[in-house]
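Just below is one structure, and these are the notes that go with it.
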Amino acid sequence: MLPASAPAPSAVLAAFGLPGEVRGFEIVDGGWSNRVWRLSTRRGDYAVKELRNAWGEPRWREWLAEGWRLELAARDAGVPMPEPVVNPVTGEPLAYVERSDGSGAAPVRMHRWVASTPVPREPVGRDLARWVGRTLATVHALALCPTAPDLYSGRAGLTTADVWPDLVARSRAAGAPWAEHLEAAEDVARRASALLEPWNPADEILCHGDVDQKNLLVARGGPLLCDWDVVLPRLSAQDLAEAAFSMACWRSPEVVAAVVAGYREAGGEAPPLVATDLGPSLASRLGWIRFSVDRALDAFAVSGSWVDGPDVPGLIDDLEHRVTVATGLADGITC
């Protein structure tokens, strides 16, 4: 059963100027920051994504606009992706539509539905790894820069261990079951932060920013790269490193090597990866731990329960593994 607050499917079709009547509307997917439905009509099916500003960022709409700019440029450069549907009034891929229960408007995006299979959360095969590398090289070659220099200042996700003492103190004060694990992890958090070296923002380009198994689909014609909603400015080496290790699930040197090989095949310049190339990725991981703990503390303040709280010990074990892998690059060890 669909949630009552789901976007009204007829309103979605009207907002995007699409003909036909609704034949089906079912929820199919969605991460922590969005919900996705399959909308079926007599003239074809569509993926409808409800976008939610889970970070509370005041300039979130500008982030979406930058994402659209890169998505269009990447599509025109031949990057395979689900075909976006454009709002005929604004020329953008976003529209606000009424919810089914009349509780307000929901921001939604649409793409043509593609029959495909998701990519499992495990090290990918060699062919897909090389495809990812070639795709990254194509996106990086666009060399698009942010339109507003200050748009991404203090962007969500890049977190350092400086937040750790406060995070531990608030967890202890609330009696959180993970407080001791969090306190014991301060050393690994600081080792992660030590790899976040400064760089010149003038060298950054707009990148997809989340080339991960969850954003890949395999269709009859080959792989597709999805989810261009919020791109990020990065150094190309940082983006390549994160994507390569994501494809490898941080445990397969062969997959890392295949992504880099594909990148070079497509003309990308890829010096050997170094530990600091993974600094922003580790900072984002720290940010995810902080965000998860903050959400759980806020929920506990309302409900008084830790039900469905984050697996902080698991997140910390994963962080420690990633830090070990990243620091091993200095010794010629990949995974």
Residue ID - nearest to R42 (Cα to Cα), chosen from residues in the range 89-125 that are out of contact with any strand residue (DSSP E or B) (no Cβ under 9 Å at 6 or more places or on another chain) and polar (S, T, N, Q): T90
Pull out all pairs, ordered by first then second residue, where Cβ-Cβ is under 7 Å, the residues are six or more apart or on different chains, the first lies in the range 123-152 and is modelled with pLDDT under 95, and the second is among the β-branched types (V, I, T). C145/I205
Does G102 qualify as being free of Cβ contacts under 8 Å to residues at least 60 places away in the same chain and surrounded by fewer than 18 Cβ atoms within 10 Å (Cβ to Cβ)? yes
L278 surrounded by 15 or more Cβ atoms within 10 Å (Cβ to Cβ), under 18 Å from the mean Cα position of the chain (by Cα), farther than 17 Å from W164 by Cα and not assigned by TED's automatic domain parsing to the domain that holds A54: yes
Mind listing whichever residues of the range 126-157 are assigned to a loop (DSSP other than H, G, I, E, B) and either more than 23 Å from W68 (Cβ to Cβ) or of a type in the set (F, W, Y) (or both)? Y152
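Among what's in the range 1-39 and is of a type in the set (K, R) and under 20 Å from P118 (Cα atoms), pick the residue that is surrounded by the fewest Cβ atoms within 10 Å (Cβ to Cβ).
R38
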Just the residues that are farther than 15 Å from A73 by Cα and at pLDDT 95 or above, please, taken from the range 222-234. G222, P223, L224
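So, of the residues in the range 10-39 that are among the polar types (S, T, N, Q) and under 23 Å from G91 (Cα atoms), which turns out to be nearest to the chain's Cα centre (by Cα)?
Checked the range 10-39; the qualifying residue nearest to the chain's Cα centre (by Cα) is N34.
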Test: residue in the range 292-311 that is touching a residue at least 40 places away in the same chain (Cβ under 8 Å), more than 22 Å from P80 (Cβ to Cβ), not in a helix (DSSP H, G or I) and not small (G, A, S): yes
In the range 105-125, what residues are among the β-branched types (V, I, T), assigned to a strand (DSSP E or B) and surrounded by 21 or more Cβ atoms within 10 Å (Cβ to Cβ)? V108
Going through the range 252-298 in order, the residues found to be within 30 Å of A54 (Cα to Cα) and either touching a His at 6+ places or on another chain (Cβ under 8 Å) or of a type in the set (F, W, Y) (or both) are W288, F291
Candidates R61, R75, R42, filtered to the one that is within 25 Å of G133 (Cα to Cα), out of contact with any helix residue (DSSP H, G or I) (no Cβ under 9 Å at 6 or more places or on another chain) and surrounded by fewer than 20 Cβ atoms within 10 Å (Cβ to Cβ): R75
Where P165 falls short, out of the listed (1) at pLDDT 95 or above; (2) more than 22 Å from L282 (Cα to Cα); (3) surrounded by fewer than 21 Cβ atoms within 10 Å (Cβ to Cβ): (2)
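The values are calculated or read from the model by the stated rules, or taken from the named source; none is laboratory data. What you see is a predicted model, and the numbers here were worked out from it, not measured in a lab. Because the Cβ atoms are built from the backbone with ideal geometry, glycine has one as well, and the counts that use them run over all protein chains shown.
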